[in-house]
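Below you'll find the structure, written out as structure tokens, and then a few comments.
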Ligand code: PLP
């Protein structure tokens, strides 16, 4: 029949199968196997799972503003699909640029108050494209040790001199900047908000050091764009350094509608240079119109009003204060990523499972994703959670925490 797989044969394939099966067994044995729950509904605060769970309260998406299933965002996608088609079957510079791509780039730059912006298929691509295009063996990049995997991979691809400073440690950054004075250009690269701990980079101090040592500052704003700062512009707005951060990379796949896509925004010549030299931009298909439509509408909603971002901040505050009062330790500060610190890996796993038994979907994280002994359940708050949703989550945590000995 048309659908039956044809097993490849031969000694090389047999060897590969044996090796992979043994490595898969090791992953299971180490307790780090990641299984995927299958969702049968839209992304949102309430989910239906194919395994039968209905009315599951979802606390583990990056849907910070609840725009992933916003009716206006969906309508904008449908309209863009109808008018501009399913996709471009082309990279941007051959015949893949439509008016909506240029409009979205202009809107992103305006949102961040920067000169220009360039779209990518993802922020992972934006991060793997920028360092290699921009930095040469004459230059240096200084990177926080806990930066996202895509920044680490992007830096690996470039030939600059590499310095890794201790997480948010300004003394260490200063020492490394002194060491890096011998190079032509210094670029400090940091996540604006770190996704495992919900902590926020000390951008004021980083920008001061950058000024003192003649360096540029790059931030990855995936967990900040749309909701941090009084108008949701991000970490640079929150910390009052919008005019000091040179380059921002961020995603359209989290708060800004959640479809997909990423971008770099910053000085015009940098963006023009990336269009000429950045490999994930030059050698990958254009963003599909429906995806562009979603992000464009999400930005319109955020530029019209900061009410959604503020509602998320209030929900975050409610969760953090109620959980702290219940006796839990929540890492980070004022961020919708609320890591409930538990320490023990098995405790995090069984508590997350027991939360799902009570209809609350949260995920436990343990080594190697976070350091040994620092296992946690990461809760993510969204503007579309109701106060009752938040309270139900806190109540379930309290019950489950008592049952498993995480609370007295
Ligand atoms: N940077 C950070 C800090 C992230 O958390 C992520 C997503 O997990 C990315 C980059 C990649 O973004 P995208 O999903 O757009 O590739």
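The values are calculated or read from the model by the stated rules, or taken from the named source; none is laboratory data. All values reported here derive from a predicted model rather than from experimental measurement. Every residue, glycine among them, receives a Cβ derived from its backbone with ideal geometry; neighbour counts consider all protein chains shown.
Observations
- Matching residues in the range 231-290 - criterion: being within 16 Å of the ligand (Cβ to nearest atom), closer than 24 Å to residue 89 by Cα and assigned to a loop (DSSP other than H, G, I, E, B): 252, 253, 257, 258, 259, 260, 261, 278, 284, 286, 287, 288
- Unique match (being buried (at least 18 other Cβ atoms within 10 Å of the Cβ) and in the same structural domain as residue 254 (by the TED database)) among 82, 105: 105
- Residues located in the range 120-143, provided they are in a strand (DSSP E or B) and more than 11 Å from the ligand (Cβ to nearest atom): 140, 141, 142, 143
- Test set (1) crowded, with 21+ Cβ neighbours inside 10 Å; (2) closer than 25 Å to residue 183 by Cα; (3) away from the ligand (no atom under 14 Å from the Cβ) - residue 218 fails condition number: (3)
- Evaluating residue 7 against the criteria (1) farther than 30 Å from residue 334 by Cβ; (2) within 29 Å of the chain's Cα centre (by Cα); (3) part of a loop (DSSP other than H, G, I, E, B) leaves one unmet condition, (2).
- Candidates 53, 44, 129 - the one that is crowded, with 19+ Cβ neighbours inside 10 Å and either outside the structural domain of residue 255 (by the TED database) or within 23 Å of residue 225 (Cα to Cα) (or both): 129
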